[in-house]
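The values are calculated or read from the model by the stated rules, or taken from the named source; none is laboratory data. Bear in mind that the values here come from a model prediction, so they are computed numbers and not experimental data. All Cβ positions, even for glycine, are placed from backbone atoms using ideal geometry, and neighbour counts span all protein chains on display. Areas reflect the complete protein model, heavy atoms only, side chains present, ligands, DNA and RNA absent. Shrake-Rupley method; radii C 1.70, N 1.55, O 1.52, S 1.80 Å.
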Amino acid sequence: MKSRRGRVVRFLLRWTIAVLGIAWVVTNVHLRDRVLVLDERNLPVEHTLAESAGEEDATFLVDTAAGPQRTDGARVVNGPDRKSVELIGESGPTPLLAMRLSGPADRKPQVLALLVAAGDGGGRFVDPAQVKGGFTLDVPQPRVQTGVLAMVRRADARLLLASLAVIPITVMFTTLRWHRLLRALGIGMSLSRAFVLNMVGAFYNSFMPGSTGGDVLKAYYAAKSAPQQRTAAVMSVIIDRVLGLIALVILGGSLAAIQYARAGDHTDPSSRACLQVAIAAATMLTCMVVGLWVLYSTWLRRLLSIGAIVRRMPMQDKLRKIVDVLRLYRERPALMLWAVLITFPVHVTVVLSAMLAGNAFGLPISNWYYFIVVPVIVLTGAIPITPQGVGVMEAFAFYMTKQQGATVNEALALTMSIRLVGMALNLLGGVFVLRGGYHTPTAQEQEVLVPAETPATA
């Protein structure tokens, strides 16, 4: 009863977060290009563009209640990067309404003037030097907020096809990695069989509803193919996923640290985002190292009474088999290092695919920054917070890409590109599903997935 209640609570929590994330995306996404135009009281009013326009255009044709009207570019301003500022000689915060920036938001613009609320209900421009402690631009906002339809219409089809064409490289390396992990445990699954299960698992991850993911399906059929070593087969799937995540954290964290060290201005929003990613990656890797140290250190386990804690846990036979498998992998450090190293081409390919798609849509993101933001997006999508990372991926993508002047629409375009390219590849797994022989394991089948058996040996 408690188990069922827990599943219901987890289901409701995941879908609540997903619905909130989707609602946030829907309320912030717009189909057509938009700009902020100053009205007669110097208050910024959002208008839809009646025709395409560039950041530096002298005039803009906007839709109004009276029909399309052309407005002077001097009346079009950048959005604010915060809610308020504190001005010298004035008490309390003053609402920040808009900004004037020197050029496109993706080229480290300078702040020329700040539009703040005036006492008469209108707006007034002030010099950034009037802000207490000085004013540092946190998030550069473009003058033209690109709409979804405009991005799709202007997209470079050749770059989108290239983004799709490079992604099959990932399944080649992930199949080879899992196959080697199985062989290390003495499981003689063929490379072709590993490829099929990899593709079927990916298909279920992307397209089948429910809480049972593709990894559970891979573990189930891997265990069925090695009935005397079911624990080892299941653990190979878990270790395979963990090694992939470790490589992702190492790649994103290392490149973020390098970019931060090479940055000429450490106060730049992109540099600060790189520092945050590097610190987060270092923290996760440190926790992993400490955890492994505790797991494999005899005197630490004795000091912390880990053995006594484990002996009070249920399913002692399964726990012993899991420890046996971990010990087998620990005795093969060269294989573990190889498995991590062979994963880097997988993640680099995903980044390159996202970069090609981003360039196809004209996103204001420098190419090097994709190597920072894409690992963060992919990692948040891999953590089972919501189904397929819905809402969570978009939120993290916007937080990371807004540092370079990207809008919610552009962050959505990036996350959807990553998702759709992956789903296009995973769709091929449906061919093997349609051929028959694969089904989602029932709850009862999952419970007997790792029964009592002879300990796995290599």
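Near the amide H of LEU112, within less than 5 Å, lie the amide hydrogens of ARG100, LEU101, SER102, all on another chain or at least 5 residues away, with H placed in the peptide plane. For trypsin sites (Lys or Arg not before Pro), the sites in the stretch 111-175 that DSSP calls loop and that have at most 14 other Cβ atoms within 10 Å are LYS132.
If you count, for each residue, the other Cβ atoms within 10 Å and average over each peptide, how do 230-238, 270-278, 85-93 line up from highest to lowest? Could you put the intermediate results ahead of the total?
Details: 230-238: 24.9, 270-278: 21.2, 85-93: 11.8.
Per-residue Cβ counts within 10 Å, averaged per peptide and sorted highest first, yield 230-238, 270-278, 85-93.
Computed from backbone phi, the HN-Hα couplings of the stretch 137-152 come to 5, 8, 10, x, 9, x, 6, 9, 7, 5, x, 4, 4, 5, 5, 5 Hz, rounded to whole numbers (Karplus: 6.51 cos²θ - 1.76 cosθ + 1.60, θ = phi - 60°; Gly and Pro given as x).
With charges only on Cβ, +1 for K and R and -1 for D and E, what is the dipole size of the stretch 1-145 about its Cα centre, in debye, rounded to 20? Please list the in-between numbers first.
Numbers: 19 positive and 17 negative charges, 295 e Å.
My answer is approximately 1420 debye.
Leaving ligands, DNA and RNA out of it, report the carbon-plus-sulfur percent of the accessible area of the stretch 127-178 at a 1.4 Å probe. Provide the component values of the computation, followed by the final result.
On the way: 1720 of 2610 Å².
Ligands and nucleic acids excluded, carbon and sulfur give 66 percent.
Annotation: amide H-H contacts under 5 Å for LEU87 (H modelled 1.01 Å from N, sequence separation of 5 or more, or interchain): THR94, LYS132. Oblate is the label for the stretch 1-99. Its Cα gyration tensor axes, ordered a ≥ b ≥ c, give a/c of at least 1.5 and b/c at or above a/b.
The packing ranking, built from the mean of other Cβ atoms within 10 Å per residue, places the peptides 350-356, 36-42 in the order 350-356, 36-42, highest first.
Here the Karplus relation 6.51 cos²θ - 1.76 cosθ + 1.60, evaluated at θ = phi - 60°, turns the backbone of the stretch 267-275 into coupling constants of 8, 4, x, 5, 5, 5, 5, 4, 4 Hz, with x for every Gly and Pro.
Find the relative contact order for the stretch 58-129 and round it to a whole percent, using C-alpha pairs within less than 8 Å whose residues are 6+ positions apart. Write out the running numbers ahead of the final one.
Values: 111 pairs, mean separation 13.3, N = 72.
Averaging sequence separation for qualifying contacts and normalising by length gives 18 percent for the stretch 58-129.
For the stretch 128-269, a/c is not less than 1.5, where a ≥ b ≥ c are the root eigenvalues of the C-alpha gyration tensor, and a/b tops b/c. That puts it in the prolate class.
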